[in-house]
Each structure stands twice: as structure tokens, then as C-alpha cells.
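The block underneath contains the structure these notes are about, expressed in C-alpha cells.
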Amino acid sequence: MKKTVDRAAEKMIEAAAGYSIKTVWDRHETMEPRCGFGDLGICCNICLQGPCRIDPFGPSEQKGVCGANADTIVARNFIRAIAGGAAAHSDHGRDIATALLHAARGGGGGLRVTDTDKLKAIAGELGIETNGLSTNEIAEKVALSCLEQFARAPISFMNRAPEALKKKWTKAGLWPKGIDREIVEVMHRTHAGVDVDYRNIILAGIRAALGDGWGGSMLATDLSDILFGSPSPIRSRANLGVIKEDAVNIVVHGHEPTLSEMVARASRDGELLEYAHQNGAKGINVCGLCCTAIELLMRQGYPAAGNFLSQELAIITGAVDLMCVDVQCIMPGLADVAGCFHTELITTSPKAKMPGVTHIEFEEEKAQHIAHQIVRMAIKNFPNRRKDRINIPEDTMDLVAGFTAENIFTNLGGTFRSTYRPLNDAIISGRLRGVAAVIGCNNAKVTHDEGHIAMTKRLISRDVLVVQTGCSATACAKEGFLRPESAFEMAGKGLQEICETVGIPPVLHLGSCVDNSRILRALCEMVNEGGLGDDISDLPVAGAAPEAMSEKAVSIASYTVGSGVFTVFSPPPRVEGSRNVTEFLTAGIEEVTGGKFCFERDPIRGADMMIAHMDEKRKALGLSGMMYGKEAETVEATSS
Amino acid sequence: MKGVIVVDVEKCLGCKSCQLQCALEHSRSKSLHEAIYEYPAPQWRITVEAVDNLAAPLQCRHCEDAPCVQVCPSQALSKPAADAPVLLDGERCIGCSLCVTVCPFGVIAMDGVAGAVIKCDFCLARLEEDRLPACVEGCPTNALQFKRLEEVAPEKRKKYLTGIVLD
């Protein structure tokens, strides 16, 4: 199997082999063959009587020591993964809410409310009376109201959902009782000897996931916009070539925007720039990895050096003077790779430390001071580079990012009629087939970036507007799909016309992985605009995570399915060991929420199944055929 | 107990349980939670290898005309009888690794700590107690089976015929 389709990554993998440095791909090979029981989800590690493993070849149905069968074991493991993902997103949301509270109370450290319009809009949604209150007083109330939602219902932003979906949630008992509470309940239900009914177990998982998507993640997005400013379309670049040979390179990595925003500010500080010059550098270059990169990219246009599987490769350029990490998707292997270079690796979150790695703990009240300290460390380390080990690939790609649920319609509709009408009309007229969200991680089990690129290319060539977040967006950014010009190179004729008229790329970057909540919001706006049914499940839309890796991806896919979306997810989230669970997730659940999973491993076939789903929904809505005809061709093309 | 280890490739999930049990059998404590702290660490003599989507365990086939026995310059490797396993005398082994290079299955390895080679001993001590080899016992899907060689061919013939009749 090819390791990557990214030229820059390929060069760095070769360089790593030359230095005998082990990377994620070497470790992946060492881990082969993976344990089949674990992979199928039929290994139960929950109680100390186990581990119990169900023999999938057994002549009769096997049960674990406690009597749990494969259905129960698989369902329990699956929703524990959801809980892990929901916890990560939601705790990220809590940190942002806490930072907002800190800023509102004048806690210092340089944090302050940036987008007062959005603050007021959100306060309105939360039912907070703003008359006569100062910005900080409103912000305090907003932060406290959001923090309250971790403990108990209602989760306010769920009101954004269409009425039809809310009815489905009521009928199936899917309203979360609080963001944290549902995660706790998942852990309780899956404890030895509690919930045995696989459907009941899975629905509890979906409820926890909805608390993530419409709660933890959504408030992380909205409160980040309030604190650091709402994004607007912005040009930048992506790939390892954004690392500069003659400047101090600081790579921010992880998921939260708080510290990285302060580091970016510090990198523009006159005194520090002068210090950089004194150390022989021409400037200070801040770029990022994973979603921390994206938070900075969306709001300020700082470049993205790469996605999840590029993290070790960035260090192998030999030119990263400092990498500072916060939380999530930070490979422990980074410390080993950094040890082979001059790179200073810094952990900053009390939740994420590494043995032998310098830890500078982030504290809100000292945010500015800490950011300056980190930048100073990077500059001080610049002269320690080994010249013979500097090997920066030239590859970079232009991109446009910064789309949101709020600004997307200003772009689609123009300043004077900023509504979703033009988008809905384009779908109704058959110029656009529908909208697809291609999101998610990288996974060393599949060729780096290939799934994202192949699937997205297929979709846009069939007149599907693609929206993206996270590592998937970075993959397509590196490939050039986020340039407006790419519409003429690979989009279908209908999509091309839309892109040309509006001046957007055929693939829209909506932000980090918590920003998948922006996609939920955009779907609600499409329903509200009218003409495309009265629920999200009526829309000709689909979602996909073609290179899923993390528990967060499992949670995202689960809230997407729980919100009525057809969702392609690969590799499968360790559920195949139970036929009943797989059947429920890929079919039965559609009756409950209107959405369902599809575990197709091939990205092109996955894209075609999304297209077929959109065509089915178009038919159900009684919409006309596609303007530039390409109806059934897709499925035939792949079967040949 | 006499027999051969047979692998049903279709049943192997690649869980490496056989490796774990083999190492445990060759540990001092024979107890997993203690064995993981032993030094030198217990080693396995069987490995699960994967090619594409196929995984299967490989260990010494105890060849009748064993190339490793032939090339061993110090008589560390021996096959006392035609139906006996190929045995290693670690004391005699000089670590020249000739056997590693001639073994057609690649199932002899160098033991970094002992300065000698390491290979499957067919769990002779267990067989004498009428117990199955550790890997066979540890296999959760019965991909590894212990059979008398005389059983193997007739079983294959029956399976083959059943296939034809059912088709």
C-alpha cells in the first residue's frame, strides 16, 4: 500500500528512512496483523472477568463470562468510543466557555471579546436580556449559560433544528439531559451488567453524540467566534513548504485556538521580531497542524503545514524550531522524532503532558506572557538548527478558507440578498445535485489523503458542492481543491456555473472538527429556506469520513446520523463483529432519525453511494433531473 | 502425544494470541502478569505473519530432512528420530545463524540476549504430560490444531469430496 499521495509527505518519509527515524507508517507495519477480535469489536475489556472474545467462526453463539453476546459487546464498545469523542469535543467547548468567562470578567492575559455582533446574536438565542448591559456583562451571562448546559438540559442550540427532526428526537427519547450527563450515562450503561439491549445501547450513544454536535461542539464554535472573531473568506497556503528556511518556525498543533491565537499575536510583536533578527532569522513564521492550524487559518489566514499524518514529517524538515501542542491527536511518537532534531517540543495543557518533554502550562490570566515565553524559546533555538539536516519540501498550495454557516449565504446570495435561496434554487433547478460534507481524520491504515481527495473529486465532478472541515479540508487544500480555479479544472458544469457566478471554490472550508457544527447549522438553514422538504433527512445531502481515525470522528458521524444524514464512514468503527448492530446502524436507525451509516471502504464507491442517495432524495422531493444530465452514469462507471 | 500442528488459514484472525501463549510457556513464572516483568523477557517461537488480508501463524515444521540440522556446525540442532521434533541445544549453539538463513520458512531467529538461535521446541514437556502445545491451546478460533498426521490427509479427502457433492 502506498503511504501517501502527498508529494511533500512522500519526500519527508524518504528522508526519515534515510535518517533511520521511525514514523507512524513504520509503527503501523510493526502493529500488523491487528488483532481480529479488537478490529471486529468483539473483544470485551469492560469487567475484570475478561477480556472476553467472541469467536466469530464459532459453530454456536458464544457469550462472554457474564453472558453478553456479540451484539451487546459490540454496541457497548461502540458507544464508549462515542463517549470518548463527545468528551473530547465537549471539554474543548468547556475550555472555550471558561476562557470567555475569564475574558468577560476582565481576567487579563490579553483575552477579550472580539465579535460583539455574534455575542449579541447568541445572547438572543439563549434568551438573555441584553438591554443596558455592557459587552462583558453579556459575555459573562452567555458563558455561564453555556457552562450550565454541560450539567443539564436544555441544550439551547438544539432549537436550531427543524421541527420535524425535533419530533423524531422526542419520539425516540434522544434529547440529551446535559452534555456531560449523557457521557456519564454511557459509561454507566456500559458498566458490567447494566444495558444489554443493543438498540437501547446505541440510541444512548446517539444521544450523547447529539449533545456533542448540537452542544459541546456547537458552543465551542460559536464562543470561539465571539472570542477570536468570526471567520470570513481568506486566502492562505497549505503544505510543508510553508515552513521557511530563513525564519523562526513555530508550529502550533492540536485543537484549541486559545494559546495559538496568543502565540500568533506574539509573533508580530516588535520586540520579539527584533530578537529574532538578532539571532539571525528574517522573521517569525507561525504555521500549524491539525485543527489548531485551522482555527488560525480560518480567522487570520496563517498557513497549514499539514494534517494528522504530517505531524512527524514537519519536524523531519529540520527547520521547526518549536512545536507547541495543546490537546487531541498529538502523537506520542512526536517526542521521539523531535529528539532526533533541534526542535523544541512544548506541551501546554495540564491534560496532555509527555515524559521528557518541556511543559509550559497555559493559564488564561498569563496567556500573553506565556505566548511571549514560547516565542522567545523558539527564537533562542533558531541558531541550534543543523544546517545539514534542513530539508524543506517546496510544495505549497494556494487556498481560500473562512466559510461559515452565517457567511456562506452572503457569498452565495450576495450582499443584498443574503439568504440560502440561491443555494436551494440551484439544487431545485438541478444545477447542483446537492451538498456533501467530507470530513474527518487521516488513518495510517489507508493511503494518506487519498480517500479525501478521490471522494471529493468524484463528488464535485458530479455537481455536488462539497463542504469540509479538519484534516479532510487540509488534504483537499494541499491538492488545490480549495482554489476557486479548481472549479474549472474538475467541477461539473452546474457547479462550475455556481462557483463562477459567486466566486467561490467548489470545495468550501468550514473550519476545525468542532466546526462540523457549522455544517449542522447550514443544513438547518437549507431546510428553513424552504423548497427542499421539512427535515434534514429530506435534503439531497450526505456526509463522509473516508479516513476516520479518532473517537471524535465516531461521535461526529453518530450525531450526523442522529440528525438525519446518510453518512459514509471508513474504516468501520469496530462494529462488524455483530451483524445485528451493523444492520441497525446501516438500516434500522433510519426509521428513528432519518439518517444512517454506510461502511463502504472504497472512497469512489462511497462517493457514488452518496450521489445515489442524493438522487433518491431529489426524486422523493419531486425535483427535476440534473441540468447537465449525469444521472445514473456514476454507479455504472464504477461497476465497470 | 504425537502429531503435527496444522493451520486453518481461514480461521486465523491475526490476534497473536498464539505468540503470547508461546512466550508465556517459555517464561519462568508461567504467569502473564509476572512474565511481563521478567528479564530477559520471555520470547515467542511462533509468529503471525500477514500478507494483504491474509494472516497466519508460522512456526517450525520440524522437517523430516531438516536443512537447519544439516548445516549446524556445532550439532546444536538435532532430530533424534524421524517422528521427533527438531531440537535445539542452546549450550552448544555458537550463534553462527547458518540455520536462520537456510530455513525455508524463516522461523528460526537470533536471540539477542542469549547469543544463540531460538526456535519452536514443539512444547515437548507439555506433550509428555498429554497437553496440547501452548499455541494450539491459546488459539481462540482453532486456526491452530494439533493432529496426528494420519488424520490430516483423510480429512482433506472428505472435505474435498463433500465440496464436490454439495456443489
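Would you say B:Arg126 is assigned to a loop (DSSP other than H, G, I, E, B) and surrounded by 14 or more Cβ atoms within 10 Å (Cβ to Cβ)?
No, not satisfied.
Residue check: is B:Val152 in contact with a strand residue (DSSP E or B) (Cβ under 7 Å, 6 or more places away or on another chain) and among the β-branched types (Val, Ile, Thr)?
yes
Considering (1) under 26 Å from the mean Cα position of the chain (by Cα); (2) surrounded by fewer than 24 Cβ atoms within 10 Å (Cβ to Cβ); (3) basic (Lys, Arg), say which one A:Arg386 fails and leave the rest.
Condition not satisfied by A:Arg386: (1).
Of the conditions (1) crowded, with 18+ Cβ neighbours inside 10 Å; (2) within 24 Å of A:Glu576 (Cβ to Cβ); (3) basic (Lys, Arg), A:Arg34 clears all except one; give me its number.
(1)
Tell me which residues, restricted to region B:107-123, are open to solvent by less than 60 Å² (accessible area, probe 1.4 Å), farther than 23 Å from B:Glu137 by Cα and assigned to a loop (DSSP other than H, G, I, E, B).
Selection gives B:Gly115 alone.
For region B:27-80, how many residues are within 14 Å of another protein chain (Cβ to nearest Cβ), assigned to a strand (DSSP E or B) and without any contact (Cβ under 8 Å) to a residue 40 or more places away in the chain?
Adding up the residues that qualify gives 4.
So, in region A:182-241, how many residues would count as being of a type in the set (S, T, N, Q) and in contact with a His (Cβ under 9 Å, 6 or more places away or on another chain)?
Summing the residues that are of a type in the set (S, T, N, Q) and in contact with a His (Cβ under 9 Å, 6 or more places away or on another chain) in region A:182-241 gives 1.
Return a yes/no flag: does region A:490-509 have any residue that is of a type outside the set (Val, Ile, Thr), in contact with an Asp or Glu (Cβ under 9 Å, 6 or more places away or on another chain) and assigned to a strand (DSSP E or B).
No, that holds for no residue.
For the list (1) surrounded by 14 or more Cβ atoms within 10 Å (Cβ to Cβ); (2) more than 14 Å from chain B (Cβ to nearest Cβ); (3) in a loop (DSSP other than H, G, I, E, B), I need the number of the one condition that A:Glu61 fails.
Among (1) surrounded by 14 or more Cβ atoms within 10 Å (Cβ to Cβ); (2) more than 14 Å from chain B (Cβ to nearest Cβ); (3) in a loop (DSSP other than H, G, I, E, B), the lone unmet condition for A:Glu61 is (1).
Which condition from (1) free of Cβ contacts under 8 Å to residues at least 60 places away in the same chain; (2) assigned to a helix (DSSP H, G or I) is the one that A:Arg27 breaks?
With respect to (1) free of Cβ contacts under 8 Å to residues at least 60 places away in the same chain; (2) assigned to a helix (DSSP H, G or I), A:Arg27 is out only on (1).
Based on what the data block shows, is A:Ala88 open to solvent by 10 Å² or more (accessible area, probe 1.4 Å), away from every other protein chain (no Cβ under 14 Å) and more than 29 Å from A:Phe584 (Cβ to Cβ)?
Taking the combined requirement at face value, the residue does not satisfy it.
Exactly one of these conditions fails for A:Arg483: (1) within 30 Å of A:Ile589 (Cα to Cα); (2) charged (D, E, K, R); (3) modelled with pLDDT of 95 or more; (4) open to solvent by 10 Å² or more (accessible area, probe 1.4 Å). Give me its number.
(1)
Looking at region A:357-401 only, could you name the residues that are among the small types (Gly, Ala, Ser) and in contact with a helix residue (DSSP H, G or I) (Cβ under 6 Å, 6 or more places away or on another chain)?
Listed by number, the residues that qualify are A:Ala367, A:Ala371, A:Ala401.
Anything in region A:30-58 that is touching a residue at least 12 places away in the same chain (Cβ under 8 Å), facing chain B (nearest Cβ under 10 Å), part of a loop (DSSP other than H, G, I, E, B) and in contact with a strand residue (DSSP E or B) (Cβ under 7 Å, 6 or more places away or on another chain)? List them, or say none.
A:Ile42
Yes or no: region B:73-96 includes at least one residue that is farther than 26 Å from B:Asp8 by Cβ, open to solvent by less than 20 Å² (accessible area, probe 1.4 Å) and at pLDDT below 95.
Looking through region B:73-96, none of the residues is farther than 26 Å from B:Asp8 by Cβ, open to solvent by less than 20 Å² (accessible area, probe 1.4 Å) and at pLDDT below 95.
Do you know which of the residues in region A:295-340 that are under 21 Å from A:Gly511 (Cβ atoms) and of a type in the set (Val, Ile, Thr) is farthest from the chain's Cα centre (by Cα)?
Step by step, filter region A:295-340, then rank; the result is A:Val325.
Quick check on region A:534-581: of everything there that is farther than 29 Å from A:Ile428 by Cβ and in contact with a Leu (Cβ under 7 Å, 6 or more places away or on another chain), which residue is surrounded by the most Cβ atoms within 10 Å (Cβ to Cβ)?
Checked region A:534-581; the qualifying residue surrounded by the most Cβ atoms within 10 Å (Cβ to Cβ) is A:Val575.
If A:Ala620 satisfies all but one of (1) at pLDDT 95 or above; (2) open to solvent by less than 10 Å² (accessible area, probe 1.4 Å), what's the number of the condition it fails?
With respect to (1) at pLDDT 95 or above; (2) open to solvent by less than 10 Å² (accessible area, probe 1.4 Å), A:Ala620 is out only on (2).
For residues that are open to solvent by less than 40 Å² (accessible area, probe 1.4 Å) and free of Cβ contacts under 8 Å to residues at least 60 places away in the same chain, scanning just region A:594-605, find the one that is farthest from A:Thr170 (Cα to Cα).
Going through the qualifying residues, I end up with A:Glu600.
Name the single residue, out of those in region B:129-141 being within 14 Å of chain A (Cβ to nearest Cβ) and out of contact with any Lys or Arg (no Cβ under 6 Å at 6 or more places or on another chain), that is surrounded by the fewest Cβ atoms within 10 Å (Cβ to Cβ).
B:Gly138
Would you pick out the residues in region B:1-21 that are more than 14 Å from chain A (Cβ to nearest Cβ) and crowded, with 19+ Cβ neighbours inside 10 Å?
B:Gly3, B:Ile5
Give the residues of region A:64-78 that are within 14 Å of chain B (Cβ to nearest Cβ) and out of contact with any strand residue (DSSP E or B) (no Cβ under 7 Å at 6 or more places or on another chain), sorted by residue number.
Passing the criteria: only A:Ala70.
Is it fair to say B:Leu24 is away from chain A (no Cβ under 14 Å), under 15 Å from B:Ala109 (Cα atoms) and surrounded by 14 or more Cβ atoms within 10 Å (Cβ to Cβ)?
Against the criterion (away from chain A (no Cβ under 14 Å), under 15 Å from B:Ala109 (Cα atoms) and surrounded by 14 or more Cβ atoms within 10 Å (Cβ to Cβ)), B:Leu24 does not qualify.
In a helix (DSSP H, G or I) and open to solvent by 40 Å² or more (accessible area, probe 1.4 Å): is that true of A:Glu591 in this structure?
Yes; evaluated as a whole, the condition is true for this residue.
Which strands (runs of 3 or more DSSP E) does region A:265-330 wholly contain that include 3 or more residues that are open to solvent by 20 Å² or more (accessible area, probe 1.4 Å) and not assigned by TED's automatic domain parsing to the domain that holds A:Lys353?
none
The values are calculated or read from the model by the stated rules, or taken from the named source; none is laboratory data. This structure is a prediction, so every number in the text was calculated from the model and none was measured. With ideal geometry, Cβ positions are generated from the backbone for all residues, glycine too; neighbour counts draw on all protein chains shown. Ligands, DNA and RNA are stripped out before the accessible areas are found, and what is left, the full protein with its side chains, is counted by its heavy atoms. Shrake-Rupley method; radii C 1.70, N 1.55, O 1.52, S 1.80 Å.
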